[in-house]
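The values are calculated or read from the model by the stated rules, or taken from the named source; none is laboratory data. Bear in mind that the values here come from a model prediction, so they are computed numbers and not experimental data. Quick reminder, even Gly has a Cβ in these numbers, built from the backbone with ideal geometry, and neighbours come from all protein chains shown. With ligands, DNA and RNA removed, areas are computed over all heavy atoms of the protein, side chains included. Shrake-Rupley method; radii C 1.70, N 1.55, O 1.52, S 1.80 Å.
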Amino acid sequence: MGYQLQIEDMKQLFGRWKADYILLGPRRMAGEGMYSDTDVIRYGELENWEDLEWEQRSHYSFKEAVLPITQILFYFTEETVTEAQPERRKPALIFLRSCDIHAIKRLDEIYLRNRFEDKYYRRLRDNVKLVLMGCPLSCDSGFCVSMGTNRTEDYDAAVRPGAEGVRIASKWAELDRELERLGAAVEFRPDFPEENAVKVEIPERLDNSVIQAPLWKEYDSRCVGCGRCNFVCPTCTCFTMQDIYYTDNGRAGERRRVHASCMVDGYTDVAGGGCYRKANGERMRFKVLHKISDFKKQFGDQMCVGCGRCDDICPEYISFSACVNRVAALAKEENRHES
Ligand code: SF4
Ligand code: SF4
């Protein structure tokens, strides 16, 4: 059950949302892509309904809305520590696809249910409404069907634009009242892709021979350790700390947490000049196995939601999905030898 809105009514609704919420969604930024004359699609504040990019999946994810790239935690002087105010004064309404709604659940596991609750994440996350953008067709590189993230019911509203206006479904009482007033009741089910061109097999059992396999060595030279795959990933959540000093004596300043990447130099450096994962192949192995094995052991779901962004962004054309399939083939081979 849903409502059919004329486009002008949708714009009116959008305007009313804008008064109460910060509206965040995928926007096309012309000419700002990674190659010349290409566009980039990334999340940003929406001024108008027309700003939303529907055709193509975004290159970068929504995650900055709940996990800012740089977040001030507190300010310090010699005598005081003052907690920073929340980044947003208004709640946010985020437009996102099914795979990304699954991704926000992964972020919730990491930041809310991972032994203790992160209050900085909590205060942004609590003030968020999710608006599902359906996918009538699969994107080119996604493998959400393989990961079971192609469908979701965890949204506050679902929207589908069309030639005849906009169809919208709601699980949000306040919006229901608006829709009753603005639109006509119609049958509406959000679009979910049933098949992707890219299919991924997740290995059932990984033993030591997979972990020691020579395939990881290939990435020593192929991967340049730029970290782009982490920065676009909706479920990569690592950060590092930075202290910024306002005074030469270092006694006043602020502490920030800043997005970090397990693929870049310095991530595993430890005191005494040590480094746990020096080679890019070792970093690739850590990332891949975290996404398709280790996270699940702790939280029950695979960490990767199959959005395909890491495959699209890699300047060396390294495909995460192809790597997972290679690992699965290797694991099968090893299991066959054992039995
Ligand atoms: S690992 Fe790649 S495909 Fe999986 S969620 Fe992250 S960016 Fe998307
Ligand atoms: S896999 Fe690709 S995107 Fe990721 S760090 Fe290596 S070169 Fe960069």
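Mind listing whichever residues of region 261-300 are open to solvent by 20 Å² or more (accessible area, probe 1.4 Å), in contact with a Cys (Cβ under 9 Å, 6 or more places away or on another chain) and free of Cβ contacts under 8 Å to residues at least 40 places away in the same chain?
V264, G266, Y267, D269, R277, F286, H290
Within region 301-339, track down each residue that is under 18 Å from A197 (Cα atoms), assigned to a loop (DSSP other than H, G, I, E, B) and open to solvent by 10 Å² or more (accessible area, probe 1.4 Å).
Across region 301-339, the qualifying residues are C304, C307, Y317, I318, S319.
Is it true that A331 is more than 16 Å from ligand 1 (Cβ to nearest atom), in contact with a Pro (Cβ under 6 Å, 6 or more places away or on another chain) and among the hydrophobic types (A, V, I, L, M, F, W, C)?
Yes: the conditions hold for A331.
Exactly one condition in (1) surrounded by fewer than 20 Cβ atoms within 10 Å (Cβ to Cβ); (2) closer than 24 Å to D51 by Cα is not met by M133; state its number.
It is condition (1) that M133 fails.
What's the total number of residues in region 227-263 that are of a type outside the set (F, W, Y), away from ligand 1 (no atom under 16 Å from the Cβ), assigned to a loop (DSSP other than H, G, I, E, B) and at pLDDT 95 or above? Step through it out loud before you land on a result.
Step one: of region 227-263, the residues of a type outside the set (F, W, Y) are 227-230, 232-238, 240-244, 247-263.
Of the ones still in play, those that are also away from ligand 1 (no atom under 16 Å from the Cβ) are 240-244, 247-258.
Imposing the further condition that a residue be assigned to a loop (DSSP other than H, G, I, E, B) reduces the set to 247-252.
Pick out the ones that are also at pLDDT 95 or above and you get 252.
Of the residues in that region, 1 qualify.
Out of R222, R177, report the one residue that is out of contact with any strand residue (DSSP E or B) (no Cβ under 8 Å at 6 or more places or on another chain), of a type in the set (K, R), away from ligand 1 (no atom under 16 Å from the Cβ) and over 30 Å from R151 (Cβ atoms).
R222
Among the residues in region 102-121, are any touching a residue at least 12 places away in the same chain (Cβ under 8 Å), over 26 Å from L73 (Cβ atoms) and in a helix (DSSP H, G or I)?
Checked region 102-121: at least one residue is touching a residue at least 12 places away in the same chain (Cβ under 8 Å), over 26 Å from L73 (Cβ atoms) and in a helix (DSSP H, G or I).
Give the residues of region 239-290 that are among the small types (G, A, S) and either within 16 Å of ligand 2 (Cβ to nearest atom) or touching a Phe, Trp or Tyr at 6+ places or on another chain (Cβ under 7 Å) (or both), sorted by residue number. Walk me through it before giving the result.
Taking region 239-290 first, the residues among the small types (G, A, S) are 250, 252-253, 260-261, 266, 271-274, 279, 281.
If the condition is that a residue be among the small types (G, A, S) and either within 16 Å of ligand 2 (Cβ to nearest atom) or touching a Phe, Trp or Tyr at 6+ places or on another chain (Cβ under 7 Å) (or both), then A252, G253, A260, S261, G266, A279, G281 are the ones that fit.
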